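Engineer: Right, I'll just put the structure down here and ask away after.
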Amino acid sequence: MILRILFQLVKRLAPIFLTIFFIVWLYTYYGAWDYTIKNLSEFFRLILEHFILVIISMFCAVIVGVTLGTIMTRKSMEKASSVIMAVVNVWQSVPSLGVLALAYGFLPFIGLSGIGMVPALIALFFHAVAPIVRNTYAGIESVSKDVIEAATGMGMTKKQILFQIELPNAMPVIAGGIRTSTAIIVGTAPLAFLIGGGGLGFWIFTGIALVDMGIMMAGAVPVALIAMLFDYCLGVFEKFLVSRGVRTDEIELA
């Protein structure tokens with residue numbers, strides 16, 4: 001039993017440690033560490049901007065995505081949900097750079113500037129909301145109709161069924177959509193620099209322009225580490241959010 005537990009732990013943790021080791025090696029080998037130390041104040045400013053881009057856009061995407069996905073599952077929205085889902089599927093296929101370009105070109109028509117952090121946040125939000133809508137809709141729709149009928153027979157209201165049965169059972173799928181969207185946002189946020197949104201993309205694109213691997217890695221490596229950090233934190237949060245009875249990724253220790 002002890003050997004089985006150790007094997008499970010090694011199987012889960014080994015890829016993480018190997019990835020971190022490889023990233024740290026890249027960071028030191030190309031001189032990114034020295035460049036970061038010399039420009040430490042700028043580094044913290046870019047990190048702060050990157051976190052602002054990720055957290056604000058992700059928060060808005062979760063609120064809107066879960067709400068819209070839930071509304072689409074209601075009986076009164078049966079006809080409209082297929083149209084909304086078709087739009088969501090098409091929108092999700094638009095490349096990250098295309099979403100930023102659309103924000104840059106469209107926002108001036110509604111009186112907003114196409115340059116700066118605000119259009120970057122809007123673009124990131126629209127790019128991240130689609131997976132959350134899809135997963136929320138799919139997760140609630142996958143809840144057994146027999147369970148819902150049983151709850152109705154017990155006298156539960158529609159609101160009680162939604163919050164006590166449908167959403168808790170759909171939460172693993174919803175959480176998967178949130179983690180996917182977070183990875184998308186963290187990876188797309190460097191592109192916000194192209195429309196004046198700030199963030200670590202400044203160093204990445206500066207390094208590319210100057211053909212300097214040290215500057216580029218000084219921006220790219222923190223982005224990778226931030227993506228891993230957010231994914232880990234969301235994984236921990238998911239364990240508290242998702243009921244133990246509906247988890248699918250628990251390690252069996254018995």
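Engineer: Looking only at the stretch 204-245, which residues have a backbone nitrogen under 16 Å from a spot 7 Å from the Cα of Glu42 in the C-beta direction?
Structural biologist: 204-222
Engineer: If you don't mind, another one. Lys/Arg Cβ at +1, Asp/Glu Cβ at -1, dipole of the stretch 32-238 taken about the Cα centre: which of Ser82, Ile174, Leu100 is farthest positive-ward?
Structural biologist: Value computed over the given set: Ser82.
Engineer: If you average over every viewing direction, what projected area does the convex hull of the Cα atoms of the chain give, in nm²?
Structural biologist: 17.7
Engineer: Of the peptides 92-100, 219-227, how do they stack up when ordered by the mean number of other Cβ atoms within 10 Å, highest first?
Structural biologist: Ranked from most to least packed, the peptides come out as 219-227, 92-100.
Engineer: What pairs from Lys159/Lys239; Lys79/Lys145; Lys11/Lys159; Lys11/Lys239 go past 31 Å between their alpha carbons?
Structural biologist: Where the Cα-Cα span goes over 31 Å, the pairs concerned are Lys11/Lys159.
Engineer: I've got another one for you. With point charges of +1 on the Cβ of Lys and Arg and -1 on the Cβ of Asp and Glu, referenced to the Cα centre of the chain, which listed residue (Trp91, Ile110, Ala151) lies farthest in the positive direction of the dipole?
Structural biologist: Working it through, the farthest residue towards the positive pole turns out to be Ala151.
Engineer: GNM, the chain, Cα, under 10 Å: largest mean-square fluctuation among Val62, Val147, Val54?
Structural biologist: Looking only at Val62, Val147, Val54, the biggest GNM fluctuation is shown by Val147.
Engineer: Give the angle, between 0 and 90 degrees and rounded to the nearest 10, that separates the Cα long axis of helix 2-29 from the longest principal axis of the Cα atoms of the chain.
Structural biologist: Relative to the chain, helix 2-29 is tipped by roughly 30 degrees.
Engineer: I've got another one for you. In percent, what relative contact order does the stretch 183-222 have, based on Cα pairs under 8 Å that are 6 or more apart in sequence?
Structural biologist: The value is 29 percent.
Engineer: Report the extension gain between Val147 and Trp91 in nm, rounded to one decimal, defined as 0.36 nm multiplied by the number of residues separating them, less their alpha carbon distance.
Structural biologist: Gain in length upon complete extension: 16.8 nm.
Engineer: On to the next question. For the Cα atoms of the chain, what angle does the longest principal axis make with the long axis of helix 40-72, in degrees from 0 to 90, nearest 10?
Structural biologist: Once rounded, one gets 20 degrees.
Engineer: Of the candidates Asn89, Asn39, Asn169, which one comes out as most mobile in a Gaussian network treatment of the chain with C-alpha springs shorter than 10 Å?
Structural biologist: Maximum fluctuation in the GNM of the chain, among the listed residues, is at Asn39.
Engineer: Here is a further query. With a cut-off of at most 16 other beta carbons within 10 Å, and DSSP calling the residue loop, which trypsin sites (Lys or Arg not before Pro) in the stretch 1-86 qualify? Please list them.
Structural biologist: Here the trypsin sites (Lys or Arg not before Pro) that fit, given the DSSP loop and packing criteria, are Arg74.
Engineer: So how strong a dipole does the chain carry about its Cα centre when Lys and Arg Cβ are +1 and Asp and Glu Cβ are -1, to the nearest 20 debye?
Structural biologist: 460
Engineer: Dividing the Cα radius of gyration by the Kirkwood radius, what Rg/Rh value follows for the stretch 49-103?
Structural biologist: 1.07
Engineer: For the chain, with every protein chain kept in place, what is the accessible area per residue (1.4 Å probe, Å²)?
Structural biologist: Per-residue accessible area for the chain comes out at 58 Å².
Engineer: Do you know the relative contact order of the stretch 32-238, to the nearest whole percent, from alpha carbon pairs under 8 angstrom that are 6+ apart?
Structural biologist: Result for the stretch 32-238 is 28 percent.
Engineer: Can you give the Rg to Rh ratio of the stretch 140-196, both from alpha-carbon atoms, with Rh computed by the Kirkwood formula?
Structural biologist: 1.31
Engineer: Same structure again: Which one of Leu112, Leu194, Leu53 has the biggest mean-square fluctuation once the chain is modelled by GNM with Cα springs under 10 Å?
Structural biologist: Leu112
The values are calculated or read from the model by the stated rules, or taken from the named source; none is laboratory data. Owing to the predicted nature of the structure, the values given are computational and were not obtained by experimental measurement. Cβ coordinates were reconstructed from backbone atoms using ideal geometry, including for glycine residues, and neighbour counts include every protein chain displayed. Only protein heavy atoms, including side chains, enter the accessible area calculation; ligands, DNA and RNA are left aside. Shrake-Rupley method; radii C 1.70, N 1.55, O 1.52, S 1.80 Å.
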